[in-house]
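Structure first, then comments.
The values are calculated or read from the model by the stated rules, or taken from the named source; none is laboratory data. Here the structure is a predicted model, which means the values were calculated and not measured. Neighbour counts run over all protein chains shown; Cβ positions are idealised from the backbone, glycine included. Accessible surface is based on the protein model in full, side chains and every heavy atom, while ligands, DNA and RNA are left aside. Shrake-Rupley method; radii C 1.70, N 1.55, O 1.52, S 1.80 Å.
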Amino acid sequence: VRPSPLLESISALVKDEFGRIKTSRTLQTLKYPNVFALGDCAGVDGTRIPSTAQAAMQQSDIVALNVAERGRSLLQTGEEPSFKNMRRFSFVPLGEMMTLGEEDASVSSLGQLVKLSGSAAAVARRLVYIARMPTNKQRVSAAVSAFLSQAAMSKRKSS
């Protein structure tokens, strides 16, 4: 896994040894406090963050809160917000989920306390996926998709 080649063309931002944009724990770039980076392209304060959707989603919450705080501070005081008012990112590993074909999966969570495999893990993975969608519209869409997929598999089995 490596950062997008697009990052190579952005010379104004400081990068780490892996080619990711260096950020503080607030996910602000080091030279430009109005530029935030997250996901695969962000190197957060020298820490190793996995290049996963799970990490990027956690970072997106921090970036959204910090962009709002920065805007509020600039509007109210005309100054950058104090570091103490900004949220800092710290990755919280929630576990791993992997699809293994149409009907099987593997799920581990809560520091390996929960381990599932096979069809039970496939159902659990779909439920977690639905629950983690950011909006109700996306949750409904994911639930309908899961239902239709399950119905199609059941139909193929009975044929």
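How much of the accessible area of the chain, in percent, comes from carbon and sulfur atoms when a 1.4 Å probe is used?
Values: 6140 of 10550 Å².
The C+S portion of the solvent-accessible surface of the chain is 58 percent.
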ask   = When you count, for each residue, the other Cβ atoms within 10 Å and take the mean per peptide, how do 39-47, 113-121 rank with the highest first?
value = 39-47, 113-121
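Net charge within 15 Å of residue 138 by Cβ-Cβ distance, Lys/Arg positive one each and Asp/Glu negative one each, not counting residue 138 itself? Don't jump to the answer; show the numbers that get you there.
Values: positive: 126, 132, 137, 139; negative: none.
Residues near residue 138 contribute +4 overall.
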task = Please build a GNM for the chain, connecting alpha carbons under 10 Å apart, and tell me which residue among 38, 127, 30 fluctuates the most.
result = 127
key: Listed values (1) 1.09; (2) 1.00; (3) 1.04, entry calculated as Rg/Rh (Cα atoms, Kirkwood Rh)   = (1)
inquiry  = Place a point 7 Å from Cα of residue 149 in the direction of its Cβ. Which residues in segment 90-127 have their backbone N less than 15 Å from it?
reply    = 97-107, 118-127
key: In degrees, nearest ten, helix 119-131 long axis to first principal axis of the chain (Cα)   = 40
task = Show me 58-64, 106-112 ranked by packing, highest mean number of other Cβ atoms within 10 Å first.
result = 58-64, 106-112
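Relative contact order of segment 36-104, please, whole-number percent, based on alpha carbon pairs below 8 angstrom and at least 6 residues apart.
On the way: 43 pairs, mean separation 20.0, N = 69.
Relative contact order of segment 36-104: 29 percent.
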remark   = In whole percents, the bins of 5 Å from zero upward hold the Cα-Cα pairs of segment 64-140 as 3, 14, 15, 13, 12, 11, 9, 9, 7, 5, 2, 0
task = Show that you can apply the helix-only estimate: for the chain, add -39,500 (n - 2.57) for every DSSP H stretch of four or more residues, divide by all residues, and state [θ] at 222 nm to the nearest 500.
result = -13000 deg cm²/dmol
task = Can you work out the accessible area per residue across segment 1-126, with the rest of the protein chains kept in place, probe 1.4 Å, in square angstrom?
result = 63
inquiry  = Solvent-accessible area of residue 87, probe 1.4 Å, all protein chains present, reported in Å² to the nearest ten, please.
reply    = 130
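Taking the Cβ of residue 65 as the centre, find all other residues whose Cβ is under 15 Å away and add up their charges (Lys, Arg: +1; Asp, Glu: -1).
On the way: positive: 25, 70, 72, 84, 87, 88; negative: 61, 69.
Cβ neighbours under 15 Å give a net charge of +4.
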note = Rounded to the nearest 10 degrees, the helix 136-158 long axis (Cα) sits at an angle to the longest Cα principal axis of the chain of 30
query = List the aspartates and glutamates whose alpha-carbon lies under 15 Å from that of residue 157, not counting same-chain residues fewer than 8 positions away?
reply = 102, 103, 104
